[in-house]
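Student: So that we are looking at the same thing, I have put the structure below in structure tokens.
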Amino acid sequence: MSRSPQRWWALALIALAQFIVIMDTSIIGVALPRMRDDLGFTPSDLSWVFNAYVVAFGGLLLLGGRLSDLYGARRIFATGWAVLLAGSALAGLAGGVEVELAARAVQGAGAALIAPSALTLLMMLFGSQPAELTKALALYGAAAPAGGTAGVFLGGVITEYVSWPWVFYLNIPVAALALVATPALMPAGGNRPGRLDVAGALTVTGGLAAAVYAIVRAPEAGWTAASTWLTLGGAAILLAGFLVIQARRREPLVRLSIFANRNLSAANLAQLLLGAAWIPMWFFLNLYLQQVLGFRAFPSGAALLPMTVLIMLGMIVVAPRVIGRFGAKATLVTGLAVLAAGLGWLALIRPTGSYLVDVLPASLVTALGMALAFIPSLGTALSSARPGEGGLASGIVNTSYQVGSALGLAAMTALASARGADRLGDLPALTSGYSAALLGAAGIAAAAAVLAGITLISRGDVPAAPETAPAPR
């Protein structure tokens, strides 16, 4: 199976999974005003159409990874698609706020099963061939920005010319196709000996979900609000309990000694900081285009298309060659430094600016930095795991990126608001706030470059080792 041409069709399905998981976070943006009118959302509740998905996704990723190791990645991959299909159908049919939010959480749960199992399957298919693994990771990584941009386009077209429920119904035929194709394309992988750590699963899922919930709600409720600190305190207690349980269990959900692997820990830190820098950039650049330059939602998505295309080309064409020549560490550090430079350039946006001068050149620099940083950090995190722990490593790296994204966005939102981003209609104040957020993101990327340079151990080759991936079954 691992040397068959069929494995590239399997990779196409894995990339499609990444595409859909990311698309589901962006496709609802244009549809939100229509959903508000039809379902009766209040302005403060409307953001939870996005947040319900993110909280469930971030909170369940580690569990999804462990389930992949215990019960087989193919089985969990298919289960995730079935859950996503059910959640998508329910979200489209929802007639009220509560049902809609519950459906979005179900979608997030499905995504949390799909994402780590997809990466585990990728490692099973390509892990024994380092050069092919780098190419496979590049195609997988490129699917994320493609999904994000496609979501903006499709959300606009569907909402404008069909109706908002179809932003959810779109998942149904895709999920059905995936369910049919999975048994034929994916390596089976039987059950592994071991028991599911239920107590560990409950505490880490509850702790991560509470932490993500507090982070995404903090800009609205306030970082000093009692509710924010109570939720964060509850998350800390649950996560501390999780660590105690993991230290005492013979078969823990997460083997804590996995973090003693220096490269795995360093790569996950890089992914966390990469998400903390990248997602705020995407968010505030969209706001600058729409609220300062006056772009509507659809043209705003089109304006980011050159950046998306460059990211995809950079991940597929440039990054594998650079990694092959200079190694994963050098490529990662360089990518983070280029990203920091691009974000710093973007922070120079002006109230009277233009797309061609203030946005396009700097956004292309950030795209190149992202393309160079994402692949080596992801590959190093995955290839540093022991055999049989591919699902766990996938869950950890996905969790790192998602938690970093939530933390970075919440922190940069607070920074932007403090510098005037909450003064709608005041273009100089808005620009000042967005500029501060972009500069803060640049600082995060620069810190990530320094930390990666200090903590990663250079191997001088592509980020993979044959013995670290589960053998195909």
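The values are calculated or read from the model by the stated rules, or taken from the named source; none is laboratory data. These numbers come from a predicted model, not from an experiment. Neighbour counts run over all protein chains shown; Cβ positions are idealised from the backbone, glycine included.
Student: So if I check each of GLY141, GLY155, which one is within 21 Å of ARG34 (Cβ to Cβ) and touching a helix residue (DSSP H, G or I) at 6+ places or on another chain (Cβ under 9 Å)?
Tutor: GLY155
Student: Filter segment 136-190 down to residues that are small (Gly, Ala, Ser) and under 30 Å from LEU364 (Cβ atoms), then give me how many there are.
Tutor: Within segment 136-190, residues that are small (Gly, Ala, Ser) and under 30 Å from LEU364 (Cβ atoms) number 13.
Student: Do you know which of the residues in segment 348-365 that are touching a residue at least 60 places away in the same chain (Cβ under 8 Å) and aliphatic (A, V, I, L, M) is surrounded by the fewest Cβ atoms within 10 Å (Cβ to Cβ)?
Tutor: LEU348
Student: Tell me yes or no: at least one residue of segment 117-127 is under 30 Å from LYS329 (Cα atoms), in the same structural domain as ASP24 (by TED's automatic domain parsing), crowded, with 24+ Cβ neighbours inside 10 Å and among the hydroxyl-bearing types (Ser, Thr, Tyr).
Tutor: Within segment 117-127, one or more residues are under 30 Å from LYS329 (Cα atoms), in the same structural domain as ASP24 (by TED's automatic domain parsing), crowded, with 24+ Cβ neighbours inside 10 Å and among the hydroxyl-bearing types (Ser, Thr, Tyr).
Student: I've got another one for you. With touching a Phe, Trp or Tyr at 6+ places or on another chain (Cβ under 6 Å), assigned by TED's automatic domain parsing to the domain that holds PHE283 and of a type outside the set (Lys, Arg) as the only criterion, which of ALA328, ALA362, ALA371 stands out?
Tutor: Testing whether each residue is touching a Phe, Trp or Tyr at 6+ places or on another chain (Cβ under 6 Å), assigned by TED's automatic domain parsing to the domain that holds PHE283 and of a type outside the set (Lys, Arg) leaves just ALA362.
Student: Another question, if that's okay. Taking the condition modelled with pLDDT under 90 and either surrounded by 22 or more Cβ atoms within 10 Å (Cβ to Cβ) or touching an Asp or Glu at 6+ places or on another chain (Cβ under 8 Å) (or both), does ARG195 pass?
Tutor: It is true that ARG195 is modelled with pLDDT under 90 and either surrounded by 22 or more Cβ atoms within 10 Å (Cβ to Cβ) or touching an Asp or Glu at 6+ places or on another chain (Cβ under 8 Å) (or both).
Student: Within segment 366-385, can you find the residues that are part of a helix (DSSP H, G or I), hydrophobic (A, V, I, L, M, F, W, C) and either buried (at least 24 other Cβ atoms within 10 Å of the Cβ) or touching an Asp or Glu at 6+ places or on another chain (Cβ under 7 Å) (or both)?
Tutor: If the condition is that a residue be part of a helix (DSSP H, G or I), hydrophobic (A, V, I, L, M, F, W, C) and either buried (at least 24 other Cβ atoms within 10 Å of the Cβ) or touching an Asp or Glu at 6+ places or on another chain (Cβ under 7 Å) (or both), then ALA367, MET370, ALA371, LEU372, ALA373, PHE374, ILE375, LEU378, ALA381, LEU382 are the ones that fit.
Student: Which of (1) surrounded by fewer than 23 Cβ atoms within 10 Å (Cβ to Cβ); (2) in contact with a helix residue (DSSP H, G or I) (Cβ under 9 Å, 6 or more places away or on another chain) does PRO428 not meet, given it meets every other one?
Tutor: Every condition holds for PRO428 apart from (2).
Student: How many residues are under 13 Å from MET412 (Cα atoms) and either surrounded by fewer than 20 Cβ atoms within 10 Å (Cβ to Cβ) or not aliphatic (A, V, I, L, M) (or both) if we restrict to segment 272-286?
Tutor: Residues in segment 272-286 being under 13 Å from MET412 (Cα atoms) and either surrounded by fewer than 20 Cβ atoms within 10 Å (Cβ to Cβ) or not aliphatic (A, V, I, L, M) (or both): 6 in total.
Residues are listed down the side, and each one gets a yes or a no for (1) in the same structural domain as LEU185 (by TED's automatic domain parsing); (2) among the charged types (D, E, K, R); (3) closer than 22 Å to THR399 by Cβ:
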{"position": "TRP9", "(1), (2), (3)": "yes, no, no"}
{"position": "THR25", "(1), (2), (3)": "yes, no, yes"}
{"position": "ARG36", "(1), (2), (3)": "yes, yes, no"}
{"position": "THR42", "(1), (2), (3)": "yes, no, no"}
{"position": "LEU60", "(1), (2), (3)": "yes, no, yes"}
{"position": "ASP69", "(1), (2), (3)": "yes, yes, yes"}
{"position": "ILE76", "(1), (2), (3)": "yes, no, yes"}
{"position": "GLY92", "(1), (2), (3)": "yes, no, no"}
{"position": "ALA111", "(1), (2), (3)": "yes, no, yes"}
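Student: Exactly one of (1) more than 18 Å from LEU61 (Cα to Cα); (2) surrounded by fewer than 24 Cβ atoms within 10 Å (Cβ to Cβ) is unmet by GLY388. Its number?
Tutor: Only one criterion in (1) more than 18 Å from LEU61 (Cα to Cα); (2) surrounded by fewer than 24 Cβ atoms within 10 Å (Cβ to Cβ) is unmet by GLY388, namely (1).
Student: Can you find even one residue in segment 436-458 that is under 30 Å from LEU125 (Cβ atoms), in a loop (DSSP other than H, G, I, E, B), outside the structural domain of VAL55 (by TED's automatic domain parsing) and modelled with pLDDT of 80 or more?
Tutor: Among the residues of segment 436-458, at least one is under 30 Å from LEU125 (Cβ atoms), in a loop (DSSP other than H, G, I, E, B), outside the structural domain of VAL55 (by TED's automatic domain parsing) and modelled with pLDDT of 80 or more, which makes the answer yes.
Student: With respect to GLY344, is the statement that it is at pLDDT 90 or above and in a helix (DSSP H, G or I) true?
Tutor: For GLY344, the condition - at pLDDT 90 or above and in a helix (DSSP H, G or I) - is met.
Student: Return the residues of segment 82-101 that are more than 25 Å from ALA15 (Cβ to Cβ) and touching a residue at least 40 places away in the same chain (Cβ under 8 Å); say none if nothing qualifies.
Tutor: Scanning segment 82-101 gives LEU93, ALA94, GLY95, GLY96, VAL97, GLU100, LEU101.
Student: Mind counting the residues in segment 250-288 that are of a type outside the set (D, E, K, R), more than 30 Å from GLY29 (Cβ to Cβ) and in a helix (DSSP H, G or I)?
Tutor: Residues in segment 250-288 being of a type outside the set (D, E, K, R), more than 30 Å from GLY29 (Cβ to Cβ) and in a helix (DSSP H, G or I): 10 in total.
Student: Please enumerate the residues belonging to segment 1-53 that are closer than 30 Å to VAL204 by Cα, at pLDDT below 80 and not hydroxyl-bearing (Ser, Thr, Tyr).
Tutor: Passing the criteria: GLY29, ASP45, LEU46, TRP48, PHE50, ASN51.
Student: Just to be sure I understand, how many residues within segment 288-346 are of a type in the set (Gly, Ala, Ser), within 17 Å of ALA448 (Cβ to Cβ) and touching a helix residue (DSSP H, G or I) at 6+ places or on another chain (Cβ under 7 Å)?
Tutor: Qualifying residue count for the region: 8.
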